């Protein structure tokens, strides 16, 4: 059986922001969805509830929610266009506890005039948290767009701020 016909396995875990669906197959992690969010993904009829193949992803997600993990090391298999994949790779470069704007993200992938397309790709990210689309904000610093709802984006950013290493004060401020 090739990876495209492998059965999808899923489970649901509790998080500080509500239940989270986690799904993957032999190729890697395919979906993370906040079930309390506005765009909650429901398991497909052909999916099988089985947490065994997802144990490492679950361990890392639980460590993230506890503030003990800042970078995920998991096989990922999100499906999307080449442009979306490029945006999703760039999202993984945004440091824990920090944010960037859609325009800055567009510039980082060499497409400075594509901030709207970057926003659309960001909104189609099937792996929030692991591919941290919540770290992208509007150019004015306001929270904008999150498939699960802004309350979840705000919650993820607050969680990271609470656990992010404190930056030392610059000498000029002392």
Spatial separation of Cα centroids for region 25-95 and region 106-137, in angstrom: 16
Rounded tilt (10° steps) of 150-163 against the dominant C-alpha axis of the chain: 70
Spacing of the two label points (7 Å from each Cα toward its C-beta) at residue 162 and residue 96, in nm: 1.5
Ellipticity estimate at 222 nm from DSSP helix runs (n ≥ 4, -39,500 (n - 2.57)) divided over the chain, nearest 500: -8500 deg cm²/dmol
Cα Rg over Rh - region 82-163, Kirkwood: 0.93
Efficiency of FRET from Cβ geometry, residue 79 and residue 107, R₀ 35 Å, rounded to 0.05: 0.85
Between 0 and 90°, nearest 10: helix 55-65 axis offset from the chain longest Cα axis: 30
From the coordinates shown, percent of Cα pairs over 30 Å apart corresponds to which of (i) 33; (ii) 8; (iii) 18: (iii)
Residue 63-residue 13 pseudo-label distance in nm [points 7 Å out on the Cα-to-Cβ vector]: 1.1
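Laboratory data are not the source of any read-out in this text; all were calculated from the coordinates shown. Predicted model, so just to flag it, every value in this text is computed and none were measured. No Cβ is skipped: glycine too gets one built from the backbone with ideal geometry, and neighbour counts run over all protein chains shown.
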